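Student: This is the structure I want to talk about, given as structure tokens.
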Amino acid sequence: MGPGEGGAEEVAALVRAVSAQIIDQDTRFGARDVVGTAVRAAARAHRIATARFGDSRDVLAAAAEAHQISGWVAFDSELQGLSRYMSVRALHLARAAGDRPMEYFVLSQLALQGVHLRQPVEAAQICESALTTARGSTATLFTLRAARAAAQTGEHRRARRLIRETRERHLDGPGPGDPAWTWWLTEAEISWHHGMVHADTGAWGRAAEHFADACRRTSQQGRSAAVYRASLLCALARARSWSEAENVLVHDVLPHRGAVASVRAQRMLDHAAHLLDAARKRPSLRESARQLRRHP
């Protein structure tokens, strides 16, 4: 059965099957090489939904998910204009489908993009609105995003309170009404964002501690691990902790270089290489850091 053939149930299942394959590729290997596939899949799903199944909530919801995924992979590939476009379209489709969980997911993605681009006011507004109705792990996600926004607007005490609240909520465990997508909200991911809260305030030593914790809490493979390692190396370089940076670089970063195609991670590594070049009295560190720019 090709795209657009069959009934609504079959078409929605086919769209979701393609989305699942893209998610798997992104999680294991990074987003860069699947952006085109994801965008084409989302466009195809949109055409099918609007042309033949505009009254099917299931097909509209599947199309919304396809757009959310394409928005995410564009985000990880630093194609931020494309990411926002796909995320906004996902939001419209989710609302048309009456898919509240997907609507929350897309809003959280837009809030994440806001703090990534250092536009914390918009991110904070999204979180504040969502937290009036969100519950369970969905609310936990928005307190996490709100902590990042607070750190960037100089509300450091509030940022610390919100990240602490995020951890406490997460320790309560999943709720019966939690959406399936909350599987990725792990201790490792929270630790990484906790590190980013400190990074946003310039506390690089504290940031490194939480990035290291994120690395310990995840496997050595996959896109998340690559981002955590790159963040740790950047924070250590910022803190001018040359010995620790060299250890992480040689034993954790370089052995996995090129395994994951994440533009976000590579840009962090490029920045780390620039920072580590300042270690004038550490020639071995500087030489190892130069390997970060030699893309396989």
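Laboratory data are not the source of any read-out in this text; all were calculated from the coordinates shown. Predicted model, so just to flag it, every value in this text is computed and none were measured. With ideal geometry, Cβ positions are generated from the backbone for all residues, glycine too; neighbour counts draw on all protein chains shown.
Student: Show that you can apply the helix-only estimate: for the chain, add -39,500 (n - 2.57) for every DSSP H stretch of four or more residues, divide by all residues, and state [θ] at 222 nm to the nearest 500. Mind dumping the intermediate values first?
Tutor: Working: 14 runs with 211 residues, N = 296.
So the helix-based figure for the chain works out to -23500 deg cm²/dmol.
Student: While we're on this one: At q = 0.15, 0.21 Å⁻¹, what log₁₀ I(q)/I(0) does a Debye calculation on the Cα points of region 1-150 give, no solvent, two decimals?
Tutor: Here log10 of I(q) over I(0) equals -0.74, -1.26.
Student: Right, next: Mind listing which trypsin sites (Lys or Arg not before Pro) in region 71-150 are in a DSSP loop and have 10 or fewer other Cβ atoms within 10 Å?
Tutor: Sites meeting the loop and neighbour criteria: Arg118.
Student: I'd like the distance separating the alpha-carbon centroids of region 11-72 and region 153-213, in whole Å.
Tutor: Value for the Cα centre distance between the two parts: 29 Å.
Student: Let me ask something else about it. Under 10 Å, Cα contacts only: if you run a Gaussian network model on the chain, which one of Gly30, Gly205, Gly98 comes out with the highest mean-square fluctuation?
Tutor: For the chain, modelled as a Gaussian network with Cα springs under 10 Å, the answer is Gly98.
Student: I want to verify a result. In a Gaussian network model of the chain, Cα cutoff 10 Å, which of these has the top mean-square fluctuation: Val121, Val39, Val73?
Tutor: Val121
Student: Among the GluC sites (Glu not before Pro) in region 1-107, which ones are in a DSSP loop with at most 12 other Cβ atoms within 10 Å of the Cβ? Mind listing them?
Tutor: Glu5
Student: Further question: Taking N as the number of residues in region 245-296, what is its Cα Rg relative to 2.2 N^0.38 Å? Don't skip to the end; give the middle numbers.
Tutor: Numbers: Rg = 10.4 Å, N = 52, 2.2 N^0.38 = 9.9 Å.
For region 245-296, the normalised Cα radius of gyration is 1.05.
Student: Give me the base-10 log of I(q)/I(0) for region 206-296 at each q in 0.16, 0.21, 0.24 Å⁻¹, Debye formula, one uniform scatterer per Cα, rounded to two decimals.
Tutor: The calculated log intensity ratios at q = 0.16, 0.21, 0.24 Å⁻¹ are -0.53, -0.94, -1.24.
Student: Working from Cα positions, state the angle (0 to 90°, nearest 10) between the long axis of helix 263-276 and the longest principal axis of the chain.
Tutor: Approximately 10 degrees, to the nearest ten.
Student: Based on the alpha-carbon set only, what is the convex hull volume of the chain divided per residue, in Å³?
Tutor: It is 122 Å³ per residue.
Student: Hey, another quick one. Could you identify which residue out of Ala20, Ala49, Ala180 has the top mean-square fluctuation in a GNM of the chain using Cα springs shorter than 10 Å?
Tutor: Greatest mean-square fluctuation among the candidates belongs to Ala180.
Student: Where nothing but the Cβ of Lys and Arg (+1) and of Asp and Glu (-1) is charged, how large is the charge dipole of the chain around its Cα centre, in debye to the nearest 20?
Tutor: Rounded to the nearest 20 debye, it is 1080 debye.
Student: With Cβ to Cβ distances under 10 Å as the rule, what net charge do the other residues near Val115 carry (K, R +1; D, E -1)?
Tutor: Summing Lys/Arg as +1 and Asp/Glu as -1 gives +1.
Student: I would also like to ask the following. For region 206-296, what is the relative contact order in percent, using Cα pairs closer than 8 Å and at least 6 residues apart in sequence?
Tutor: 28
Student: Which angle between 0 and 90 degrees, to the nearest 10, do you get for helix 80-97 versus the longest principal axis of the chain when only C-alpha atoms count?
Tutor: Computed tilt is about 30 degrees.
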